[in-house]
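Take a look at the structure set out below.
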Amino acid sequence: MALRFHWSMSSAGEELKGAKARGAVSGIPNLDAHVRFCRQAEECGIESLLTAFGFHRADPIVLATALGMLTTRIKFMVAVRSGVCLPTLFVQQVNSVAAVTGGRICLNVVAGHTPEEQKYYGDFLAHDERYERTDEFLTVCNAFWKGSGEVNFAGKYYTVEKGKLSTPFVAPDRTSPEIFLGGNSAPGERLAAKHADCMWRLPQPAAAMRDQVKPLVDGGIEVGILVSLLVRETHEEAIEATERLIARFDGAPRRTHEEFARKSDSVAFTSTYKLANADDWPAPYLWTGAVPYMGAPSVAIVGSAEEVTEALFTYRDAGVTQFLFMGWPDLEEMERFRRLVLPAVRAREEAEAGRAEVAAS
């Protein structure tokens, strides 16, 4: 299976995404910066762009629609939380975006990460209950995407009677959107096994992830990691880049993320903060030094092109086949990925396929 690569479009145009407190981030998107981001991603072999959800961001459905009109190939991985809108309406929105973009939309389903922010949207459910509600939400959505007639559903959180939609999901290769689901908790794994094509996790060393992801992989669910990327021509240059990055911060971002960690009930986020507090280098290729300053998604794969390529295949051998990257700044790191890493990855995959073909014959 070829490795698949995505990129987070969160805070497009910001050099140090995650360093600001969420309340200090403008929710008005810089459309020109987003378009440049999308077009470079298209040129760099990136499959889709995460269009994230949060009170400090533009609405992801609206943003994906606008950018879909200004691009030609890139897909948009639209984030959604159950409880924010009713499932019938959400399916109608997703199908409408697919209709006007040629199917260039997939979904990143998240249960939420802080009770405080959930309450902004009128959502007062506890962590595990949010996963129960998301199960019902996706059950209703999938019933519409199956297109086998009227949708009827009676659950604890949603009830739909004789549901109809005249806008089907339209794409060249699918009749429903690909579903990615984020989380590191047991309820998240159960939900992914039931509804997702791929489960996103925040990274640990590959050896530690192998046994954790095996039940999902054995069940036909792909596993991916949300991870930052810092690749340079040499190992020494990569290490120097981490040191220069940390030197740019004072104490304010650290305090911001310490406060966020205390408020969050996300297993993925809180476990990553614990990992970062325990060790800056939990594996030779995995660096957590930026986590206190830019948040859990800033745990990074670091090294030369050869080292980063080897790290990606180390994760693949542990069951991880998709990667959702971030960078500092994104466009420069994305270009390094295109130039230094992606050709090596594809060449190695081609060589492996050739050896397998010879062995089979």
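Values quoted throughout were computed directly from the atomic coordinates according to the rules given, and no laboratory measurement underlies them. Since the model is a prediction, treat every value here as computed from it, not as a measurement. Methodologically, a virtual Cβ is constructed for each residue, glycine included, from the backbone with ideal geometry; neighbour enumeration extends over all protein chains shown.
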Net lengthening on full extension, Glu332/Asp128 (0.36 nm per residue, minus Cα-Cα): 69.6 nm
0 to 90° range, to nearest 10: angle between helix 186-195 axis and the chain longest Cα axis: 60
Met69 paired with Arg339, simple spin-label distance in nm, labels 7 Å along Cα-to-beta-carbon: 3.5
Region 83-166: relative contact order in percent, alpha carbon pairs under 8 Å with at least 6 residues between: 29
Label-point separation in nm, Glu116 to Glu233, each point 7 Å along Cα→Cβ: 4.5
Coarse-grained scattering of region 36-131 at q = 0.12, 0.15, 0.25 Å⁻¹, given as base-10 log I(q)/I(0) from a Debye sum over alpha-carbon atoms: -0.41, -0.62, -1.29
Reachable aspartates and glutamates, given that their alpha-carbon falls under 13 Å from the alpha-carbon of Lys274 and they are not under 8 places away in the same chain: Glu258
Nearest 10 degrees, 0 to 90: helix 206-218 Cα axis against the chain principal axis: 30
Label-point separation in nm, Glu357 to Ala2, each point 7 Å along Cα→Cβ: 1.4
Helix-derived mean residue ellipticity, 222 nm - over the chain, DSSP H n ≥ 4, -39500 (n - 2.57), to 500: -14500 deg cm²/dmol
Label corresponding to Cα extents along the principal axes in Å when calculated from the structure given, among (1) 97, 40, 37; (2) 67, 49, 41; (3) 62, 60, 42: (3)
Relative contact order (%) - the chain, alpha-carbon pairs under 8 angstrom, separation at least six: 19
